[in-house]
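Below is one structure, written out as structure tokens, with a few remarks after it.
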Amino acid sequence: MLVRVRQSRRLLFLLGLVGWLVLWTAYYVIVEAANPIPNLAAAIMGMMSATVINLAVIALLLLTKLRWAAWLPGGMGKKEDTLPCLQQLAGAGFVAISFDPWQHGERGTGESVEQMFTRAMGNFPHTVWPILGQSALDTLRVIDWAIAEFDSSPPCCMGGESLGGDIAVAAAGIDSRIGCVSAIIATPDWRRPGMHARGQLVQSGLAGGYAQFFYDHINPLTNLSGYAHCPAITFECGAEDDHVPPDGALRFQMALQQTYQSQPDRLRVNLHSGVGHQVTPTMWQNSLEWFLRH
């Protein structure tokens with residue numbers, strides 16, 4: 001799914017042409033009114049000056065690389081669920097895109113949301129770690145495509161809520177082209193110690209070799225070297241969230257203190273008092289401002 005902002009460039013091009021007419025008209029009114037004797041040479045010079053200025057402005061606008069941002073759905077969600085966020089990102093000047101995490105949406109297994117949730121909570125490492133890991137790897141292909149499709153250049157922004165935020169943080173650790181991340185009610189610790197679902201403590205489960213491979217190579221908290229490029233990361237956590245406990249983000253921030261010591265403001269954890277596992281308007285606004293700032 002894609003929300004395009006290329007129309008804005010066409011608008012800027014038209015505004016440039018209008019500007020050319022305005023400058024030329026202003027020149028004619030001011031210069032010719034002061035000099036009632038027709039002066040063809042002066043008129044031509046004025047028109048040429050206005051043209052050069054406006055062509056320079058138009059060229060600058062057209063040569064400016066587009067910024068793009070990806071926003072991923074949470075939980076059992078699909079890419080279409082992110083449309084309101086994509087529209088707001090587009091309105092802020094980004095090319096905004098989303099894609100289905102592995103086994104979600106068009107890439108789904110045919111299970112109902114309830115069936116998938118039950119399977120995930122029944123053995124979280126075995127079921128969810130491959131979803132996180134494979135989706136993080138898919139992000140590399142999405143970035144390759146976006147750079148070619150939009151003639152853009154890194155760094156790009158990426159974020160999401162819950163599972164989508166987990167994927168965004170993990171992807172930033174394996175691809176330095178991701179320079180800015182916002183993770184809402186998400187965690188860099190795939191083990192999620194203390195995780196509850198529907199009021200019950202979720203058992204740790206057994207990963208198996210396939211799932212363990214993704215954890216060993218991509219789980220952010222145990223692969224800290226991947227963040228040496230210091231991507232700007234904000235965690236927007238519910239202080240009372242017992243499904244994705246916020247302590248994972250805090251431990252991640254502490255573990256990367258030395259890496260970020262010269263620019264500590266690029267890694268932050270916002271705890272939202274009284275908030276559980278839910279996205280609030282403040283969390284989203286913080287994320288949008290974070291993207292615009294970085």
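Tabulated data
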{"quantity": "Positions within region 110-141 being surrounded by fewer than 19 Cβ atoms within 10 Å (Cβ to Cβ) and closer than 16 Å to Lys79 by Cβ, in sequence order", "calculated": "Val113, Gln134, Asp138, Arg141"}
{"quantity": "Hits in region 265-291 (condition: touching a strand residue (DSSP E or B) at 6+ places or on another chain (Cβ under 9 Å) and part of a helix (DSSP H, G or I))", "calculated": "Asp265, Arg266, Thr282, Met283, Trp284, Asn286, Ser287, Leu288, Trp290, Phe291"}
{"quantity": "Filter pass, Gly179 being at positive phi and touching a residue at least 40 places away in the same chain (Cβ under 8 Å)", "calculated": "no"}
{"quantity": "Conditions (1) modelled with pLDDT under 95; (2) farther than 24 Å from Arg192 by Cα; (3) buried (at least 18 other Cβ atoms within 10 Å of the Cβ); number of the one not met by Gly93", "calculated": "(3)"}
{"quantity": "Any hit, region 154-165, residues being over 19 Å from Arg67 (Cα atoms), within 15 Å of the chain's Cα centre (by Cα), modelled with pLDDT of 95 or more and among the aliphatic types (A, V, I, L, M)", "calculated": "yes"}
{"quantity": "Residues located in region 67-90, provided they are surrounded by 20 or more Cβ atoms within 10 Å (Cβ to Cβ) and polar (S, T, N, Q)", "calculated": "Thr82"}
{"quantity": "Test: Ala228 is at pLDDT 95 or above, of a type outside the set (Lys, Arg) and touching a His at 6+ places or on another chain (Cβ under 6 Å)", "calculated": "no"}
{"quantity": "Test result for Glu149, assigned by TED's automatic domain parsing to the domain that holds Val269, touching a residue at least 60 places away in the same chain (Cβ under 8 Å) and of a type in the set (D, E, K, R)", "calculated": "no"}
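The values are calculated or read from the model by the stated rules, or taken from the named source; none is laboratory data. Not measured: the values here are computed from a predicted model. Every residue, glycine among them, receives a Cβ derived from its backbone with ideal geometry; neighbour counts consider all protein chains shown.
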